[in-house]
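Each remark here refers to the structure printed beneath this line.
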Amino acid sequence: MNENRRQILEMLAAGKITADEAERLLAALEPDSTASAGDFTGNTAGSHGGRGAGVKTHAKYLRVLVEADEKMTGMKGPTTVNVRVPMQLLRAGVRLASLIPVQAQEQLDEALNRHGVPLTVSQIKPENLEELIDHLEDLTVDVDGKDGNATKVRVFCE
Amino acid sequence: MIPNIAVLEIENPHYHMPRLWLPLFLLWIPLALVLILISPLLLIALLALAMLTGVSPWRIVALFWNVLSSLSGTHVHVTANGNKVLVRIL
């Protein structure tokens, strides 16, 4: 992530600019970009997200780390989740989605939209798969709990 | 490359299973024999899936092979409520 992008995201996180303004600024940094800069940003307070400066890192794994305390989960002792998924498996999994029949894809899209996930599975084609994975490689989401809530969530590629 | 070893560890407050290293490569040979035995059923399922999705049967086999061979490097470690589960595929 380059310095300009970081500054924009920090301003967004600090509430100095709106998400729309941040999107415009990020788009201005990459005039050749056709995708929306906010495609992979989270709406959770305290989260940072965005694509990198176009440098291909060729990350091998997607990592998801979660640490939650007893107050958050209601369980005894801390709860931790540490998942590492090979990017190759993600690619294979998305390709496998092509086996979902069209009718089922439509139902899946409807169900996802109903639950607030604006994802259209039927639009994920092999030709834009690589672009999707490339964007995912630059994804970083950090969420820290507030008000005494010690929950931490990190999603990143390595 | 298809996964060769899986590591499994399960622990709860009352029981701690020692970490198991499962040699998956030893499973592939008997599994291949089983696949040969049930190949007529697999072929029917494959053709049905191909007709349903409009994807070539060879491509379907390739897709599943891709998933299988991409599993190496997967790591899942969950600790909750005093229980711990670790799964690693190497």
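Coordinate-derived values only; no laboratory data. Computed from a predicted structure; not experimentally measured. Reconstructed Cβ throughout: ideal geometry from the backbone, glycine too, with neighbour counts over all protein chains shown.
Quick notes
- 10 Å Cβ neighbours from other chains, averaged over peptide A:61-69: 1
- Backbone HN-Hα couplings from phi across region B:57-69 [Karplus 6.51/-1.76/1.60, Hz, Gly and Pro as x]: x, 5, 5, 5, 4, 5, 5, 5, 5, 4, 5, 4, 6
- Here is the size of the protein assembly as shown from its Cα atoms: Rg then Dmax, 21.7, 66 Å.
- Neighbouring Cβ atoms from other chains, within 10 Å of the Cβ of residues in B:80-89, number 3 on average.
- Distance from the C-alpha centroid of region B:65-90 to that of region A:69-135: 17 Å, rounded to the whole angstrom.
- Shown in residue order for region A:112-122 are the 3J(HN,Hα) couplings computed by the Karplus curve 6.51 cos²θ - 1.76 cosθ + 1.60 at θ = phi - 60°: 5, 5, 4, 9, x, 10, x, 10, 10, 4, 5 Hz (x for Gly and Pro).
- Partner chain coverage, peptide A:70-77 - average Cβ within 10 angstrom: 2
- Proportion of all alpha-carbon pairs of region A:59-158 beyond 16 Å (%): 68
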